[in-house]
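The values are calculated or read from the model by the stated rules, or taken from the named source; none is laboratory data. None of the values given here were measured: they were computed from a predicted structure. So basically every Cβ, Gly included, is an ideal-geometry build from the backbone, and we count neighbours across all protein chains shown.
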Amino acid sequence: MAEGTVRDQARNAVLPKLDIEVRSWFNPNLKFQWFFLPNIIGMLSFILGLVVTGLSVAREREVGTFDQLLVSPATPTEIALAKLVPGCIIGLVHGTIFLLISVFGFGVPFTGTVALLYASMLFFAAAAGGIGLMVSSLSSTQQQAFLGAFTIGVPCILISGAITPVVNMPPFLQYASQINPLCHFVGICQGLFLKNMTLAATLSRLWKIVVISSVAVTVAIFVFRRRT
């Protein structure tokens, strides 16, 4: 009888009310601008690197000045590397413009190191330019180069994590995103803007961009020399 009374009292006892709140560590107000605007720096630099570098060689072939470059004292490797420079510079300039717009125009906090951002942006621009040079070397006209750049650029943006998280994608797309330089650069941008990413954490993603950039530039120069 006493046992039943204890059980009834425990059943009828008023339990303390728990108030559970979910807090986001690095974006407590869940502002969409804080998530999306840093990603635009990567998307803008990537598309510009593809298009600017991709159209350069194709345009040279169309107007007939490509043959004049080949008879110049410069080697095909030097010409190919020179074609990468404008895309890298334009990517850095536009990245700087949008960095200023994001911080001072929209109030997105930048908590990391500017030097790490620009080092990452430089290698990332080289990777985008190398991919664009490959597309340009395989194209005969500007239209082919332009369509080829967007054929590669749009899927890379979709699986980069800039729009939807990579962890929500199917496993085969998660593996494919690891060879996408934009995926790693987006992670660096988000980390440097909101999370005060350390040097070690930045290098854990930056070395992947460096490897992809080296492979892309090497293959682009090889394809460029074969097509000359």
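Of all the residues that make up segment 109-137, how many are outside any helix (DSSP H, G or I) and surrounded by fewer than 19 Cβ atoms within 10 Å (Cβ to Cβ)? Reasoning before the result, please.
Of the residues in segment 109-137, the ones outside any helix (DSSP H, G or I) are 109-113.
Filter once more, keeping what is surrounded by fewer than 19 Cβ atoms within 10 Å (Cβ to Cβ): 109-111, 113.
The total comes to 4.
The rows are residues; the columns are (1) of a type in the set (D, E, K, R); (2) within 15 Å of Leu133 (Cα to Cα); (3) at pLDDT below 85; (4) in a helix (DSSP H, G or I).
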{"site": "Ile40", "(1), (2), (3), (4)": "no, no, no, yes"}
{"site": "Leu44", "(1), (2), (3), (4)": "no, no, no, yes"}
{"site": "Val52", "(1), (2), (3), (4)": "no, yes, yes, yes"}
{"site": "Ser56", "(1), (2), (3), (4)": "no, yes, yes, yes"}
{"site": "Arg59", "(1), (2), (3), (4)": "yes, yes, yes, yes"}
{"site": "Pro73", "(1), (2), (3), (4)": "no, no, yes, no"}
{"site": "Ala80", "(1), (2), (3), (4)": "no, yes, yes, yes"}
{"site": "Pro86", "(1), (2), (3), (4)": "no, yes, yes, yes"}
{"site": "Gly107", "(1), (2), (3), (4)": "no, no, no, no"}
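Leu69: modelled with pLDDT of 90 or more and assigned to a helix (DSSP H, G or I), yes or no? Spell out how you get there, then give the answer.
On the way: modelled with pLDDT of 90 or more: no; assigned to a helix (DSSP H, G or I): yes.
Spelling it out, it is not the case that Leu69 is modelled with pLDDT of 90 or more and assigned to a helix (DSSP H, G or I).
Does segment 172-189 hold any residues that are in contact with a Gly (Cβ under 9 Å, 6 or more places away or on another chain) and either farther than 17 Å from Phe123 by Cβ or modelled with pLDDT under 90 (or both), and which are they?
Within segment 172-189, Ser177 is the sole residue that qualifies.
Quick one: is Ser140 of a type in the set (Ser, Thr, Tyr), surrounded by 17 or more Cβ atoms within 10 Å (Cβ to Cβ) and within 21 Å of Val51 (Cα to Cα)?
Numbers: of a type in the set (Ser, Thr, Tyr): yes; surrounded by 17 or more Cβ atoms within 10 Å (Cβ to Cβ): no; within 21 Å of Val51 (Cα to Cα): yes.
In short, no.
Within segment 55-70, identify whether any single residue is touching a residue at least 60 places away in the same chain (Cβ under 8 Å), under 26 Å from Ser160 (Cα atoms) and among the hydrophobic types (A, V, I, L, M, F, W, C), and answer yes or no.
Taking every residue of segment 55-70 in turn, at least one turns out to be touching a residue at least 60 places away in the same chain (Cβ under 8 Å), under 26 Å from Ser160 (Cα atoms) and among the hydrophobic types (A, V, I, L, M, F, W, C).
I'd like to verify a number: residues in segment 41-66 that are crowded, with 17+ Cβ neighbours inside 10 Å and closer than 26 Å to Cys183 by Cα, how many?
Qualifying residue count, segment 41-66: 15.
State which residue is nearest to Ala115 (Cα to Cα) when the search covers only segment 192-209 and only residues that are buried (at least 19 other Cβ atoms within 10 Å of the Cβ) and modelled with pLDDT under 90.
This residue is Met197.
Just to check your reading of the model, which residue among Leu84, Leu99 is under 28 Å from Trp34 (Cβ atoms), under 22 Å from the mean Cα position of the chain (by Cα) and not β-branched (Val, Ile, Thr)? If you could, list the steps in order and put the result at the bottom.
Values: Leu84 fails: under 28 Å from Trp34 (Cβ atoms).
Unique residue meeting the criteria: Leu99.
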